[in-house]
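All remarks here apply to the structure that follows.
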Amino acid sequence: MTESIAVIGDVHGNVSALAGVLRIAEGRFDQFVLVGDYVNRGPDSAGVIQLLIDQIDDGVPLYCIAGNHDGAFRKCIEDGKLNAFLRMGGAATINSYISEPAPDVLEQLRRSVPSRHVDFLRDLKSQYEANGLFVTHGPQDAYDPPAVGSYHIFGHVPQGQTPRLMQNSAGIDTGCGMTPEGRLTCLAWPTLEVIQVDVEGRQVWPNVR
């Protein structure tokens, strides 16, 4: 029997949108797979990571893939690569952990990020494959080639407000956390049903009245 899987697109610091999608999808799926980019750009990257940790602690079956922004955040904390992180919109993430930046913001950030958040970043996966589904962060991010015939879902590449559903693949980064008009998309497998919320976590697709 094929599991029902919810694949959630790039979140980029918008905890309200993530909470909205998880609330709408609660109890409907056997597995949740997130394509990565939990941090940067949006207002509450710390809240996004904490929400995911809380969900995992509550037994929600989350499988979290690493996005390039998440990798840059981890390298900033572990290797001191602050400038590279800032060039990717990392200031928003830093502000979600630190209210008043000090002169040595890197050390302040290292002290402010909870160890559970660092562990979360270290534990992120490279890809997901099961039940005819193949999920990566970006379209070219396959570390191991998928099985022939697998349907490939990815984020990373902005598609506007509407996910791009193709015969063998789908791009589901719809700008969440990037702009006030950005949306967070959840694509169901194997039905390819779309669930989408706005910046406040309100369902906009399917349309609700």
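The values are calculated or read from the model by the stated rules, or taken from the named source; none is laboratory data. What you are looking at is a predicted structure, and each value in this text was computed from that prediction instead of being measured. Methodologically, a virtual Cβ is constructed for each residue, glycine included, from the backbone with ideal geometry; neighbour enumeration extends over all protein chains shown.
Just checking, which of Val11, Val48, Val35 is within 16 Å of Trp189 (Cβ to Cβ), among the hydrophobic types (A, V, I, L, M, F, W, C) and surrounded by 24 or more Cβ atoms within 10 Å (Cβ to Cβ)?
Details: Val11 fails: within 16 Å of Trp189 (Cβ to Cβ); Val48 fails: within 16 Å of Trp189 (Cβ to Cβ).
Every option except Val35 fails the conditions.
Would you check if Ser99 is among the hydroxyl-bearing types (Ser, Thr, Tyr) and closer than 19 Å to Val11 by Cβ?
Considered against the rule, which asks whether it is among the hydroxyl-bearing types (Ser, Thr, Tyr) and closer than 19 Å to Val11 by Cβ, Ser99 comes out as no.
Based on what the data block shows, is Gly27 out of contact with any strand residue (DSSP E or B) (no Cβ under 9 Å at 6 or more places or on another chain), modelled with pLDDT under 95 and either surrounded by fewer than 19 Cβ atoms within 10 Å (Cβ to Cβ) or under 15 Å from Ala188 (Cα atoms) (or both)? Lay out the reasoning, then the answer.
Values: out of contact with any strand residue (DSSP E or B) (no Cβ under 9 Å at 6 or more places or on another chain): yes; modelled with pLDDT under 95: yes; either surrounded by fewer than 19 Cβ atoms within 10 Å (Cβ to Cβ) or under 15 Å from Ala188 (Cα atoms) (or both): yes.
So Gly27 passes the test.
So the check is Cβ under 6 Å with 6+ separation or different chains; which pairs have a first residue in the stretch 22-44 that's closer than 18 Å to Ile153 by Cβ and a second one that's among the small types (Gly, Ala, Ser) and in a strand (DSSP E or B)?
So the pair list comes out as Ala25/Ala6; Phe29/Ala6; Phe32/Ala6; Val35/Gly155.
Can you tell me which residues in the stretch 155-165 are assigned to a strand (DSSP E or B) and either in contact (Cβ under 8 Å) with a residue 60 or more places away in the chain or among the hydroxyl-bearing types (Ser, Thr, Tyr) (or both)?
Across the stretch 155-165, the qualifying residues are Gly155, His156.
What pairs can you find where one residue is in the stretch 2-16 and in contact (Cβ under 8 Å) with a residue 12 or more places away in the chain, the other is among the polar types (S, T, N, Q) and assigned to a strand (DSSP E or B), and their Cβ atoms are less than 8 Å apart, with a gap of 6+ or different chains?
Short answer, once both residue conditions are applied: Glu3/Gln31; Ser4/Gln31; Ile5/Gln31; Ala6/Gln31; Ile8/Thr185; Gly9/Thr185.
Hey, can you tell me all the residues within the stretch 52-65 that are in contact with a helix residue (DSSP H, G or I) (Cβ under 6 Å, 6 or more places away or on another chain) and under 27 Å from Pro139 (Cβ atoms)?
Within the stretch 52-65, just Leu62 meets the criteria.
Select from the stretch 106-137 the residues that are under 12 Å from Ile77 (Cβ atoms) and touching a helix residue (DSSP H, G or I) at 6+ places or on another chain (Cβ under 7 Å) and list them in ascending order.
The answer is Leu106, Leu109, Arg110, Ser112, Val113, His117, Val118, Phe120, Leu121, Arg122.
For the stretch 158-186, which positions are among the hydrophobic types (A, V, I, L, M, F, W, C) and more than 13 Å from the chain's Cα centre (by Cα)? Outline the logic, then answer.
Of the residues in the stretch 158-186, the ones among the hydrophobic types (A, V, I, L, M, F, W, C) are 165-166, 170, 172, 176, 178, 184, 186.
Correct list: Leu165, Met166, Ala170.
Would you be able to say whether some residue in the stretch 4-19 is assigned to a helix (DSSP H, G or I) and out of contact with any Leu (no Cβ under 7 Å at 6 or more places or on another chain)? Let's see the steps before the verdict.
Kept after step one, since they are assigned to a helix (DSSP H, G or I), are these residues of the stretch 4-19: 15-19.
Narrowing the set further to residues that are out of contact with any Leu (no Cβ under 7 Å at 6 or more places or on another chain) leaves 16.
The answer is yes; a qualifying residue exists.
Let's see how each residue does on (1) buried (at least 16 other Cβ atoms within 10 Å of the Cβ); (2) on the phi < 0 side of the Ramachandran plot; (3) not in a helix (DSSP H, G or I):
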| residue | (1), (2), (3) |
| --- | --- |
| Phe120 | yes, yes, no |
| Glu129 | yes, yes, yes |
| Asp141 | yes, yes, yes |
| Ala147 | no, yes, yes |
| Ile153 | yes, yes, yes |
| Gln167 | no, yes, yes |
| Gly171 | yes, yes, yes |
| Glu181 | no, yes, yes |
| Ile195 | yes, yes, yes |
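Scanning for something in contact (Cβ under 8 Å) with a residue 60 or more places away in the chain and β-branched (Val, Ile, Thr), does the stretch 129-148 turn up at least one residue? Give the derivation first.
Taking the stretch 129-148 first, the residues in contact (Cβ under 8 Å) with a residue 60 or more places away in the chain are 130-133, 135-138.
So of that shortlist, the ones also β-branched (Val, Ile, Thr) come out as 135-136.
Yes, the stretch 129-148 contains at least one residue that is in contact (Cβ under 8 Å) with a residue 60 or more places away in the chain and β-branched (Val, Ile, Thr).
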